[in-house]
Amino acid sequence: QVCAETGVRVLVRFRLPPAPIIMLLDLMCGPPRSHGSTHSNEAWWEAQVILAQVEFVPEGGAGSEMEKFYKFVDDQGVDGWIRSTRQFLSGPPDLGELMNKQITAFTEVRQPYWSKQPRMFITYHAFTVLEIASGELFILLERKTDMLEIVIGTPDIPFAFMRAFRAFGPGRNINRCVDESRQVLNSRVTVRQLFGWIDGPLEERWQPYDMLQANCQHFAEDLQTFLLDPGAPEHNSLHEQVSAATLQDRSAVLAALRERPRLLKHLPDKFRHDPALVMAAVSHDGTALRYAPKELRCETQVVLAALRNDGYVLPYVHPSIRQERELVKTAVKQNGNVLCYCAERHRRDRELVLLAVHQDGYALRFVAGKLRRDPEVLLAAGLQNPVALARATMLF
């Protein structure tokens, strides 16, 4: 396969299905669209989730940020094309009739980081391919750094092809992918319940990438645990812990937010739009900013309170003010790694870069331009974390 935009080439040989191309997802989903602005955690969906649809098409194209084309060769030597179309989300997607179909099996696929590493090594990337309605179609889910990536195939895309795609970036080298044992499900989980779990318990527990505590393997395990036993207590949403009385009384709401700020997600709109309540929530837990309505994610004082508590919530700040220097400075001072979400001009800004690497030497990975080799920047990063300096200089 060849990504027409990046030029990444991987030869794939499989027999094409004889049936005509069936583009049912176009009928079920319609064109790419954004969802309503009333979803309480729309900031998380917009910032952390990427969804793409893949389908056979007669010919390739130029490609763009939202659309990529992959070339493949079938076992008869005939060229073919698959198009991947990305959608912007602000809530769970509505996939029409597909939402009510059951997930009948899954397969975990592992891609080793090195070609000759022993199978028992834990150095691999993991993703999971779900079979819908006994293989009628497939859905792929994986975590890449801070992002949840979802790929939905049309019914004519076989399992072997699904393994090759990512929702964002170039395709993967499927020759290095190893399938684990296929797991048949009896839990009768539907696609709708899957997205309900993503929108609820998964989102509420979502943490920034951490090599030891929040990586692709942890997500694969969480997903598979849910599919096998969706009724387990660990899959309960915070909403189930909120009494009806709490949701009606403002003083009770304020007290609850100080103890559990993320309850903001489940409050009635009149409370979610209350600046004082939102300020109380984000001051105690900056990640609660993702449950604030758009007009408060544009409010500088609310945003600053959230960033002082947790700089890594910068992606949840409304795009209209997200790259304001004062906000970026506050964010990188609290968490240097948030530099990865900053505009290039900020990643070339000496003051901001020094603040970032002083806080966490690993932020050196995200520095742009000449500052990546600047002695003062390298010294600051090395003093904070010598290992981070060694890794970054190897990359540069």
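With open to solvent by 30 Å² or more (accessible area, probe 1.4 Å), within 27 Å of G63 (Cβ to Cβ) and under 19 Å from the mean Cα position of the chain (by Cα) as the only criterion, which of Q111, Q87 stands out?
On the way: Q87 fails: open to solvent by 30 Å² or more (accessible area, probe 1.4 Å).
Just one listed residue meets the conditions, Q111.
Can you pull out the residues in the stretch 36-61 that are in contact with a strand residue (DSSP E or B) (Cβ under 8 Å, 6 or more places away or on another chain) and assigned to a loop (DSSP other than H, G, I, E, B)?
Taking the stretch 36-61 first, the residues in contact with a strand residue (DSSP E or B) (Cβ under 8 Å, 6 or more places away or on another chain) are 48-61.
Scanning the stretch 36-61 gives P58, E59, G60, G61.
(1) touching a helix residue (DSSP H, G or I) at 6+ places or on another chain (Cβ under 9 Å); (2) closer than 30 Å to L212 by Cα; (3) among the aromatic types (F, W, Y): which one isn't true of F72, the others all being true?
So F72 meets the others, but not (2).
When you go through (1) at pLDDT below 95; (2) among the polar types (S, T, N, Q); (3) over 30 Å from P275 (Cα atoms) one by one for S251, which number turns out not to apply?
S251 satisfies every listed condition except (3).
E142 versus (1) in contact (Cβ under 8 Å) with a residue 60 or more places away in the chain; (2) surrounded by fewer than 18 Cβ atoms within 10 Å (Cβ to Cβ); (3) under 22 Å from the mean Cα position of the chain (by Cα): which is the lone unmet condition?
Status for E142: all satisfied but (2).
Please indicate, with yes or no, whether at least one residue in the stretch 157-177 is among the aliphatic types (A, V, I, L, M), modelled with pLDDT of 95 or more, closer than 30 Å to F366 by Cα and crowded, with 18+ Cβ neighbours inside 10 Å.
First pass over the stretch 157-177, keeping only residues among the aliphatic types (A, V, I, L, M): 157, 160, 162, 164, 167, 174.
Narrowing the set further to residues that are modelled with pLDDT of 95 or more leaves none.
No, there is no match, as no residue in the stretch 157-177 is among the aliphatic types (A, V, I, L, M), modelled with pLDDT of 95 or more, closer than 30 Å to F366 by Cα and crowded, with 18+ Cβ neighbours inside 10 Å.
May I ask you to verify whether I122 is touching a Ser or Thr at 6+ places or on another chain (Cβ under 9 Å) and either at pLDDT 95 or above or open to solvent by 40 Å² or more (accessible area, probe 1.4 Å) (or both)?
On the way: touching a Ser or Thr at 6+ places or on another chain (Cβ under 9 Å): no; either at pLDDT 95 or above or open to solvent by 40 Å² or more (accessible area, probe 1.4 Å) (or both): yes.
No.
Give the residue, chosen from G153, G91, G77, that is among the small types (G, A, S) and touching a Leu at 6+ places or on another chain (Cβ under 9 Å).
Details: G91 fails: touching a Leu at 6+ places or on another chain (Cβ under 9 Å); G77 fails: touching a Leu at 6+ places or on another chain (Cβ under 9 Å).
Result: G153 is the single residue among G153, G91, G77 that is among the small types (G, A, S) and touching a Leu at 6+ places or on another chain (Cβ under 9 Å).
Can you tell me which condition T85 does not meet? The list is (1) farther than 22 Å from A220 by Cα; (2) assigned to a loop (DSSP other than H, G, I, E, B); (3) in contact (Cβ under 8 Å) with a residue 40 or more places away in the chain, and all the others hold.
Going through the list (1) farther than 22 Å from A220 by Cα; (2) assigned to a loop (DSSP other than H, G, I, E, B); (3) in contact (Cβ under 8 Å) with a residue 40 or more places away in the chain, T85 breaks only (2).
Looking at C298, C342, which one is closer than 27 Å to D210 by Cα and either surrounded by 20 or more Cβ atoms within 10 Å (Cβ to Cβ) or not charged (D, E, K, R) (or both)? Quick ask: steps written out before the conclusion?
On the way: C298 fails: closer than 27 Å to D210 by Cα.
Every option except C342 fails the conditions.
Which residues, taken from the stretch 209-242, are open to solvent by 60 Å² or more (accessible area, probe 1.4 Å) and of a type in the set (S, T, Y)?
Passing the criteria: only Y209.
The values are calculated or read from the model by the stated rules, or taken from the named source; none is laboratory data. Just so we're clear, the structure is a prediction, and the values are computed from it rather than from any experiment. All Cβ positions, glycine included, derive from the backbone under ideal geometry; neighbour counts span all protein chains shown. Ligands, DNA and RNA are excluded from the accessible area calculation, which covers all protein heavy atoms including side chains. Shrake-Rupley method; radii C 1.70, N 1.55, O 1.52, S 1.80 Å.
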